[in-house]
Amino acid sequence: METERQLNDFQERINSGAKIEPREWMPERYRQQLIRMMSQHAHSEIVGMLPEGNWITRTPSLKRKLILLAKVQDEAGHGLYLYSATETLGASRQDLIEGYLYGNAKYSSIFNYPTLTYADICVIGWLVDGAAIVNQTMLAKSSYGPYARANLRICREESFHKKQGYEMLAKMASGTPAQRKMAQDAVNRWWWPTLMMFGPPDSDSPNSAELIRWGVKTKTNDELRQSYVDRMVMEAEQIGITFPDPDLTYNSETGHWEFGEIPWNEFYDVIRGNGPMNRERMNARRKAYEEGVWVREAASAYAEKRKEKKLEQCESPDKPDGLHRAKRFPRSV
């Protein structure tokens, strides 16, 4: 039972800027909100491997292939960091994974769109990873220590991904008319879905106020979205790319770029499972999970065997491991 005093003391710690660590007391609601948010972040990193992984065999050069391989591998690592951080809250990794594969857990809506051309890979690196950096830079200041530290590491790698995507798109935008058209078409398709990545508008966000009060987030969805638009407009101008928004105008009084109405009906349709690639993404992840059962079982058996071996060595400290090996495999004279 949580007492009013415990809740007040916890809020005072949050207000003072303290980091909450796994073994410290926290409200159950705070724990559950973190599990929901962190696991959704982890799922997004894993599912996010699929749109780009689809192009590894079709990159235009060996150099680009190596870069894309490394990037997809990084996304897998981000998912593992985040699953590990979520486990510190007492959550089971298997339950978390099965929650989105067979349950109602969510992942980022952006990964339910197809990558039709190689220009899409460039745009994902620039626009999508750019949006992720804006969000994760904020989360690196989260009140929950393990989540903040995971995001700090992720941001370093995402910064490289964004620069790499921007460099590729700039090269394509300065190429032949066909290449330039391909680059602009990709931006036109990804711009609005990328703005949706920050979540619903503040007026329709059921969790933002609570997450901000507890310091899990420090900015609202709309604040993050505005910061992102302000950054990306300048970067687009530098490479001659435009955004498909006739209402995009600079407000000299506020110092911000004002943008048109986001197609929220599309956003809600996608998160309900009706996006262009929802079924394909889930089928691919379920197939990988089910076909990987033997790998997980073998890894668990190996880990258990090593644990038993260490226990045996601890029970016989007078016999170094080297002596055991020598006894089992004597050298020939």
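The values are calculated or read from the model by the stated rules, or taken from the named source; none is laboratory data. Only a predicted model underlies this, so the values are computations on that prediction, with no experimental measurement involved. FYI the Cβ positions are ideal-geometry reconstructions off the backbone, even for glycines, and counts take in every protein chain you see.
A few notes on this one:
- Restricted to segment 36-81, and to residues there that are over 21 Å from N283 (Cα atoms) and touching an Asp or Glu at 6+ places or on another chain (Cβ under 9 Å), the residue that is surrounded by the fewest Cβ atoms within 10 Å (Cβ to Cβ) is G77.
- Condition check for F160: surrounded by fewer than 21 Cβ atoms within 10 Å (Cβ to Cβ) and among the hydrophobic types (A, V, I, L, M, F, W, C): yes
- Answer from P193, P146 - the residue that is under 30 Å from I20 (Cβ atoms) and surrounded by 22 or more Cβ atoms within 10 Å (Cβ to Cβ): P146
- Listed by first and then second residue, the pairs with beta-carbon distance under 6 Å, at least 6 apart or on different chains, first residue in segment 68-79 and at pLDDT 95 or above, second buried (at least 21 other Cβ atoms within 10 Å of the Cβ) and not in a helix (DSSP H, G or I), are E75/G48.
- Residue match in segment 199-222 (condition: within 30 Å of M168 (Cα to Cα), of a type in the set (D, E, K, R) and more than 18 Å from the chain's Cα centre (by Cα)): yes
- 2 or more residues among the polar types (S, T, N, Q): qualifying helices (runs of 4 or more DSSP H) within segment 1-59: 4-15, 28-47
- Residues of segment 216-230 classified as touching a helix residue (DSSP H, G or I) at 6+ places or on another chain (Cβ under 8 Å), of a type outside the set (D, E) and part of a helix (DSSP H, G or I), total: 6
- Checked against the criterion of being under 19 Å from the mean Cα position of the chain (by Cα) and farther than 24 Å from Q33 by Cα, the candidates Y228, Y250 yield just one match: Y228.
- Given (1) assigned to a helix (DSSP H, G or I); (2) on the phi > 0 side of the Ramachandran plot, index of the condition G90 fails: (1)
- Scanning segment 130-181 for residues that are among the hydroxyl-bearing types (S, T, Y), outside any loop (DSSP other than H, G, I, E, B) and under 21 Å from K217 (Cβ atoms) returns T137, Y144, Y147, S159.
For every residue, the table says whether it meets (1) free of Cβ contacts under 8 Å to residues at least 24 places away in the same chain; (2) buried (at least 18 other Cβ atoms within 10 Å of the Cβ); (3) at positive phi.
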| site | (1), (2), (3) |
| --- | --- |
| Y83 | no, yes, no |
| G99 | no, yes, no |
| Y102 | no, no, no |
| G175 | yes, no, no |
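- Segment 18-41, residues that are within 21 Å of the chain's Cα centre (by Cα) and of a type in the set (A, V, I, L, M, F, W, C): L34, I35, M37, M38
- Residue match in segment 276-289 (condition: without any contact (Cβ under 8 Å) to a residue 24 or more places away in the chain, among the aromatic types (F, W, Y) and either within 22 Å of L96 (Cα to Cα) or touching a Phe, Trp or Tyr at 6+ places or on another chain (Cβ under 9 Å) (or both)): no
- Taken over segment 246-258, residues that are of a type in the set (D, E, K, R) and touching a Leu at 6+ places or on another chain (Cβ under 9 Å) amount to 1.
- Of residues in segment 104-127 being among the polar types (S, T, N, Q) and touching a residue at least 24 places away in the same chain (Cβ under 8 Å), the one nearest to A42 (Cα to Cα): S108
- Residue match in segment 265-272 (condition: under 22 Å from F198 (Cα atoms), of a type in the set (F, W, Y) and more than 26 Å from the chain's Cα centre (by Cα)): no
- Of all residues in segment 97-119, those satisfying the criterion of being in a helix (DSSP H, G or I) and not small (G, A, S) are I97, E98, Y100, L101, I110, F111, N112, Y118.
- Of all residues in segment 42-76 being under 10 Å from the mean Cα position of the chain (by Cα) and of a type outside the set (A, V, I, L, M, F, W, C), the one that is farthest from A131 (Cα to Cα): H43
- Test for N135: is it at negative phi, polar (S, T, N, Q), crowded, with 20+ Cβ neighbours inside 10 Å and modelled with pLDDT of 95 or more: yes
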